[in-house]
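What follows is one structure encoded as structure tokens, with my remarks underneath.
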Number of protein chains: 2
Amino acid sequence: MTLNDTLLRLKTLGVKITPQRQEILKVLLGEERYYSAEEILKKVQERYPAVSFDTVYRTLYLLKRLGLVVELNFQGGHRRFEFNHEDKHHHHLVCLKCGKSQKLSCCPTDCLTRIKKEHPEFAITSHSFEIYGYCRKCQGLESLG
Amino acid sequence: MTLNDTLLRLKTLGVKITPQRQEILKVLLGEERYYSAEEILKKVQERYPAVSFDTVYRTLYLLKRLGLVVELNFQGGHRRFEFNHEDKHHHHLVCLKCGKSQKLSCCPTDCLTRIKKEHPEFAITSHSFEIYGYCRKCQGLESLG
DNA sequence: CTCCTAGATCGTAATTATTCCGATCTAATT
DNA sequence: AATTAGATCGGAATAATTACGATCTAGGAG
Ligand SMILES: [Mn+2]
Ligand SMILES: [Mn+2]
Ligand SMILES: [Zn+2]
Ligand SMILES: [Zn+2]
């Protein structure tokens, strides 16, 4: 998904295209990874020093409602956001020490179809699946804080 | 798992058994569901009015390190804790409106074994798998806040 | 049983993350 | 160019979590 595609999509949905929103999207589309709200704020401030957390959060939640952004809630209460690249739905292998992550090649679709059958009255909108542990570098250092 | 079993386990591990810790365990063992830190504080305060958040959080993290408690991080940044009943490992179907949940009958074990093979250098310690949406009661009310 | 001490708790303050809000601004339509 | 619904800013408010010094106590030694 390119920036222009995304902007077109927003325009179609009747959402205003502001420079701040464009800049937030540029960050999210820049590297294919997840970001904290603060990381996004810092990056956007390089171009627009006056931008506020309010704008970042409002934009992220807007994009989430539109299905363009995914919210990730990791162990320890760490909240992250990443662009929802079409056909690139994925989950993460997250190191509890350094926070680095790798994409997982696998999504529990069989569980999902089973649960849909078992709970037909429940309107499923999303799911999360993350695996935690320690990467090679951080093994043995778990207890050193 | 009963309270006495758990206390014995803690004793074996060289952890002090305080009345506050016992009370927190009683809450967690009482109903087989997850709790917020605040819910636990309130319940424990019924017996020990002076107990503090500090004690609740420290105890929860202690129990988590010992594998007796699981930390759940739901959409919206909601953090919950539940007792890790042996052989009752499970995941949740969570309503985004009312917060009520149901146990899932299914754990993505095939994904997990696959990931272990693909990332033998990574030391996996835990995983999360939650499904979100709207329960029957809350359907159609999603947008009413 | 009493003493001792490492570790636990309390009370409160500090920190962090997120949300709220009134004043001002602006994208997009007319 | 004027209009206005919706967006942004700056800062305050709220909520969640962590920190810390003073005090207390569980559990082991004697
Ligand atoms: Mn990712
Ligand atoms: Mn549960
Ligand atoms: Zn998936
Ligand atoms: Zn599982």
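Points worth noting:
- Residue ID - most open to solvent (accessible area, probe 1.4 Å), chosen from residues in segment B:105-118 that are facing chain A (nearest Cβ under 7 Å) and within 13 Å of residue A:112 (Cα to Cα): B:105
- Single residue of segment B:124-138 satisfying the filter (open to solvent by 70 Å² or more (accessible area, probe 1.4 Å) and farther than 17 Å from residue A:129 by Cα) that is nearest to the other protein chains (Cβ to nearest Cβ): B:136
- Boolean, residue A:121 is under 22 Å from residue B:106 (Cβ atoms) and either within 14 Å of another protein chain (Cβ to nearest Cβ) or more than 16 Å from DNA strand D (Cβ to nearest atom) (or both): yes
- Residue that is in a helix (DSSP H, G or I), modelled with pLDDT of 95 or more and more than 13 Å from DNA strand D (Cβ to nearest atom), where the choices are B:82, B:46, B:38: B:46
- The lone exception for residue B:37 - which of (1) free of Cβ contacts under 8 Å to residues at least 40 places away in the same chain; (2) within 19 Å of residue B:70 (Cα to Cα) it fails: (1)
- The residue that is nearest to the other protein chains (Cβ to nearest Cβ), among those in segment B:1-14 that are within 9 Å of DNA strand D (Cβ to nearest atom) and either of a type in the set (A, V, I, L, M) or in a helix (DSSP H, G or I) (or both), is B:10.
- Pair list, Cβ under 7 Å, 6 or more apart: segment A:90-101 residue within 12 Å of residue B:119 (Cα to Cα), other residue of a type outside the set (Phe, Trp, Tyr) and within 16 Å of ligand 2 (Cβ to nearest atom): none
- Only one of B:25, B:13, B:41 that is exposed (fewer than 13 other Cβ atoms within 10 Å of the Cβ) and either touching a Ser or Thr at 6+ places or on another chain (Cβ under 9 Å) or of a type in the set (A, V, I, L, M) (or both): B:13
- Positions within segment B:58-68 being touching a Leu at 6+ places or on another chain (Cβ under 9 Å) and more than 18 Å from residue B:32 (Cα to Cα), in sequence order: B:59, B:62, B:66
- Test result for residue B:96, facing another protein chain (nearest Cβ under 10 Å), surrounded by 17 or more Cβ atoms within 10 Å (Cβ to Cβ), of a type in the set (A, V, I, L, M) and over 14 Å from residue B:129 (Cβ atoms): yes
- Restricting attention to segment B:81-107, the residues that are in contact with a Ser or Thr (Cβ under 9 Å, 6 or more places away or on another chain) and either within 16 Å of ligand 3 (Cβ to nearest atom) or over 25 Å from residue B:41 (Cα atoms) (or both) add up to 4.
- Qualifying residue in segment A:64-85 (condition: over 30 Å from residue B:80 (Cα atoms) and either outside the structural domain of residue A:132 (by TED's automatic domain parsing) or open to solvent by less than 80 Å² (accessible area, probe 1.4 Å) (or both)): no
- A count restricted to segment A:15-35 and to residues that are part of a loop (DSSP other than H, G, I, E, B) and more than 16 Å from ligand 3 (Cβ to nearest atom) stands at 7.
- Lone qualifier among A:51, A:70 - being hydrophobic (A, V, I, L, M, F, W, C) and under 20 Å from residue A:130 (Cα atoms): A:70
The values are calculated or read from the model by the stated rules, or taken from the named source; none is laboratory data. No experiment lies behind these values; they were computed from the predicted model shown. Methodologically, a virtual Cβ is constructed for each residue, glycine included, from the backbone with ideal geometry; neighbour enumeration extends over all protein chains shown. Accessible surface areas use protein heavy atoms only, side chains included; no ligands, DNA or RNA. Shrake-Rupley method; radii C 1.70, N 1.55, O 1.52, S 1.80 Å.
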